Amino acid sequence: MHRVVVIVDANSNPFELGCATEVFGLRRTGELGRELYDFALCSPDPATLMRDGFFTLTGVAGLEAAEDADTLIVPNRPDVEVPRRPAVLETVRRAHARGARLVGFCSGAFTLAEAGVLEGRRATAHWQWADAFRTRFPGVRLEPDVLFVDDGDILTAAGSAAALDLGLHLVRRDHGAEAANAVSRRLVFAAHRDGGQRQFVERPVPDVPDESLAPVLAWAQERLGEPLTVDDLAARAAVSAATLHRRFRAQLGTTPLAWLTGERVALACRLIERGESRFEVVARRSGLGTAANLRARLHRETGLSPSAYRHRFGPA
């Protein structure tokens with residue numbers, strides 16, 4: 001079983017630790033009939049004082065527990081200017097050298113960068129610390145407008161709640177969309193949030209806020225197999241196409257067409273996981289039209305062809 005280990009260090013953020021525990025540590029026999037991960041916490045100290053002294057974490061393993069991690073989640077904390085401890089950084093370097101997957105939530109990107117494993121790589125961090133990160137680590141290709149970055153064996157999440165987005169992405173990548181949806185239902189959290197952290201950056205509140213897109217999104221999700229267009233969505237919302245684009249940008253950080261395509265790809269993944277082997281049927285029922293378009297869209301979203309996706313996530 002894939003082993004996920006979280007390093008907890010002094011002044012670590014409890015919220016992200018809770019996110020990791022919820023996504024990777026809880027038993028899933030109720031939702032899925034099987035366990036997804038072997039999960040453990042470790043720390044360089046027998047007792048670790050968490051952020052702002054909220055509580056002290058005890059009873060977890062030492063750093064040696066990270067030596068056999070398949071995925072290692074590095075520590076994060078609000079005092080980004082304070083250097084991480086050498087023992088923690090060396091543990092991260094050893095994990096990277098032996099091929100473990102590394103994950104940083106929020107300011108965890110600073111830990112990864114200090115360890116030297118992000119040089120020349122893509123990453124993200126909370127928008128509040130983007131300028132400080134660029135100044136300290138100019139060799140890292142920071143992407144400040146996204147919720148998370150998947151750079152293969154190193155993944156980073158932009159902020160606290162984005163830890164859930166990245167966690168569900170990892171479940172989807174490891175076990176497929178059906179498993180990720182089951183975990184998201186348990187969390188009462190969207191399995192996939194479109195857009196990026198730009199939508200959360202401080203900005204003036206408009207005098208007349210846009211109305212919620214929730215009704216038109218729910219309406220479209222029930223009709224993904226139909227030939228929906230942006231004009232159809234605009235008509236349903238009783239606004240012009242231009243107004244709809246503005247609302248999507250403001251509320252979701254994406255375009256109506258990109259959102260619609262993403263929902264159709266997610267539906268195609270679920271159909272394949274549930275056993276539909278005729279790719280032309282998957283394409284038609286998900287609204288992607290043709291098997292060729294299904295192949296192109298699925299590869300863009302998952303890095304897998306429909307056949308490879310079925311082999312990895314389809315019924316045994």
Quiz item: Could you put Asp165, Asp232 in order, starting from the residue whose Cβ has the fewest other Cβ atoms within 10 Å?
Solution: Asp232, Asp165
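Around Met50, under 14 Å between beta carbons, what's the net of Lys plus Arg minus Asp minus Glu among the other residues?
Values: positive: Arg51, Arg77; negative: Asp9, Glu16, Asp45, Asp52, Asp79.
Result for the local shell: -3.
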Exercise. Using DSSP, restrict attention to beta bridges with both residues in the range 1-142 and report what percent are antiparallel, rounded to the nearest 5.
Key: 20 percent
Quiz item: Given charges of +1 on the Cβ of Lys and Arg and -1 on the Cβ of Asp and Glu, with all other atoms neutral, how large is the dipole of the chain about its Cα centre, in debye to the nearest 20?
Solution: 860 debye
Quiz item: On full extension of the chain, what length is gained from Phe54 through Met1, given 0.36 nm per residue of separation minus the C-alpha to C-alpha distance?
Solution: 15.8 nm
Self-check item: Approximate spin-label separation Ala250-Val281, in nm, with each point projected 7 Å along Cα-to-Cβ
Solution: 4.4 nm
Exercise. Two decimals is fine: what's Rg over Rh for the range 207-313, C-alpha atoms, Kirkwood radius as Rh?
Key: 1.04
Quiz item: What ranking of His2, His311 emerges when the number of other C-beta atoms within 10 Å of each C-beta is taken as an exposure proxy, fewest first?
Solution: His311, His2
Quiz prompt | Where a label projected 7 Å from the Cα of Ala87 along Cα→Cβ would reach, residues of the range 94-109 with amide N under 19 Å | solution = 94-96
Self-check item: For Leu102, residues with placed amide H under 5 Å, excluding near neighbours
Solution: Leu72, Ile154, Leu155
Quiz item: Average projected area of the Cα convex hull of the chain, in nm²?
Solution: 17.6 nm²
Quiz item: Can you give the longest stretch of the chain with no exposed loop site, where a site means GluC sites (Glu not before Pro) in a DSSP loop (not H, G, I, E or B) with at most 15 other C-beta atoms within 10 Å?
Solution: 223-316
Self-check item: Calculated Rg and Dmax of the range 23-103 using C-alpha coordinates, Å
Solution: 14.5, 44
Quiz item: Taking K and R as +1 and D and E as -1, what net charge do the other residues with C-beta under 10 Å from the C-beta of Cys106 add up to?
Solution: 0
Practice problem: Starting from the Cα-Cα distance between Arg98 and Ala47, subtract it from 0.36 nm times their residue separation and give me the gain in nm to one decimal. | Solution: 15.5 nm
Exercise. Give the order of Phe137, Phe55, Phe15 when sorted by the count of other beta carbons within 10 angstrom, beginning with the fewest.
Key: Phe55, Phe15, Phe137
Quiz item: Where both partners of a DSSP beta bridge lie in the chain, what percent of those bridges are antiparallel, to the nearest 5?
Solution: 25 percent
Quiz item: Which of the helices in the chain meet the span-like rule: DSSP H, Cα axial reach of 18 Å or more, Kyte-Doolittle mean at least -0.5?
Solution: 162-175, 256-273
Practice problem: Quick one: which residues, 5+ away or cross-chain, put their amide H under 5 Å from the amide H of Phe39? H built at 1.01 Å from N. | Solution: Val4
Quiz item: For the range 275-316, what is the convex hull volume of the alpha-carbon atoms per residue, in Å³?
Solution: 58 Å³
Quiz item: Over the range 3-187, one equal point on each Cα, no solvent: what is log10 I(q)/I(0) by the Debye formula at q = 0.08, 0.09, 0.15 Å⁻¹?
Solution: -0.22, -0.28, -0.82
Self-check item: Using θ = phi - 60° and Karplus 6.51 cos²θ - 1.76 cosθ + 1.60, couplings along the range 106-119 (whole Hz; Gly, Pro as x)
Solution: 6, 6, x, 4, 5, 4, 4, 5, 4, 6, x, 8, 9, 4
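Which of the trypsin sites (Lys or Arg not before Pro) found in the range 77-180 are in a DSSP loop and have at most 11 neighbouring Cβ atoms, other than their own, within 10 Å?
Taking the range 77-180 and a limit of 11 other Cβ atoms within 10 Å, the loop trypsin sites (Lys or Arg not before Pro) found are Arg98.
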Quiz item: Stretch Glu178-Arg274 to full length: gain in nm at 0.36 nm per residue minus the Cα-Cα span?
Solution: 33.7 nm
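No value in this document is a laboratory result; all are computed from the given coordinates. Fair warning: this is a prediction, and the values are worked out from it, not measured in the lab. Every residue, glycine among them, receives a Cβ derived from its backbone with ideal geometry; neighbour counts consider all protein chains shown.
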